[in-house]
């Protein structure tokens, strides 16, 4: 009788096996992939440049020429939504990248060295954590000035404390492992131990948190743009489009409806994807 031996999955294969069990997470991943593709190929997909004006066609309704109509300057709404995906993703990914890098660096130093270094760093993080995230974003963006770059910096600073706390908590556990003690025994430098041994073994929860924070960062970026502290006209960005259309929403509801739907779907997709990734990486849910 032939006995079939089950082939052992790789770490990636096991994670994907667990991830695809969650249909909502897979749907979120598909939507995220589509939004990224639209953002990358925006110049080829959009029928018009995002800033092309046609004042004779202001507030035109949906038609074969303009699928979703036009705004007050006669700019094609569909084209601006497509271009807006690029700028919204740049803001979301940029905020998360900067905030995660800063948080991982600060949290790694605090968690590895401990003692006074840990206390000083974490007390500073506590001060930042006491201020509501949105309020901190508004204050920093107002000080730096309204622009996409400054909005990214403002949101990144406000998300750094949570990333630092998360990586620190994991490093406090990892630094007591045998392989860390072995590295110390052969006089490996602190930077080498942190980069080669501690961070790779403590980064998984941070990756999940980072994925879920992308949606929140996109929403925060749209909020700053909506109040005039983020993307500035005529740049196409979903929050900026909401701000431009809010004064005309009674007569032309589509000016705020379509950008709002894009923000909602994108944020929801990233959250579903992050939830599924968290469950897939949780060893207690593997079978």
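In percent, how large is the relative contact order of the chain, given Cα pairs closer than 8 Å and 6 or more residues apart? Here the relative contact order equals 25 percent.
What is the gain in length, in nm to one decimal, between residue 177 and residue 143 on full extension, counting 0.36 nm per residue of separation less the C-alpha to C-alpha distance?
7.8 nm
As a proxy for reagent exposure, ranking 71, 76, 275 by other Cβ atoms within 10 Å from fewest up yields 275, 71, 76.
Mind pulling the angle between the C-alpha long axis of helix 204-226 and the longest principal axis of the chain? Nearest 10 degrees, somewhere in 0 to 90. Its long axis makes an angle of about 20 degrees. In the chain, the DSSP-assigned H stretches of four residues or longer account for a calculated mean residue ellipticity at 222 nm of -22500 deg cm²/dmol, using -39500 (n - 2.57) per stretch and the full residue count as denominator. Take the chain, connect every pair of alpha-carbon atoms lying under 10 Å apart with a spring to form a Gaussian network, then pick out the residue of 168, 149, 123 with the largest mean-square fluctuation. Top of the fluctuation ranking is 123. When each of 143, 90 is scored by the number of other beta-carbon atoms lying within 10 Å, the sequence from fewest to most is 143, 90.
Pairwise Cα distances in segment 86-192 exceed 21 Å in 44 percent of cases.
Over segment 98-222, calculate the relative contact order: mean separation of alpha carbon pairs under 8 Å at least 6 apart, over the residue count, as a percent.
Numbers: 116 pairs, mean separation 42.7, N = 125.
Over segment 98-222, the number comes to 34 percent.
The modelled label-to-label distance for the pair residue 56/residue 41, using points 7 Å beyond Cα in the direction of Cβ, is 3.3 nm. For the chain, the longest principal axis of the C-alpha atoms and the axis of helix 23-40 are separated by about 60°. Taking the longest Cα principal axis of the chain as reference, the axis of helix 133-144 is set at about 70 degrees. Counted by neighbouring Cβ atoms within 10 Å, the residues 187, 279 run from fewest to most as 187, 279. Extension gain, residue 253 to residue 192: 0.36 nm times the residue separation minus the Cα-Cα distance gives 16.3 nm.
Built from the Cα atoms of segment 75-282, the convex hull projects on average onto 13.0 nm², one quarter of its surface area.
A short reminder: the numbers here are calculations on the coordinates, not readings from a lab. The structure displayed is predicted, hence computed values, not measured ones. As a convention, Cβ positions derive from the backbone with ideal geometry for all residues, glycine included, and neighbour counts pool all protein chains shown.
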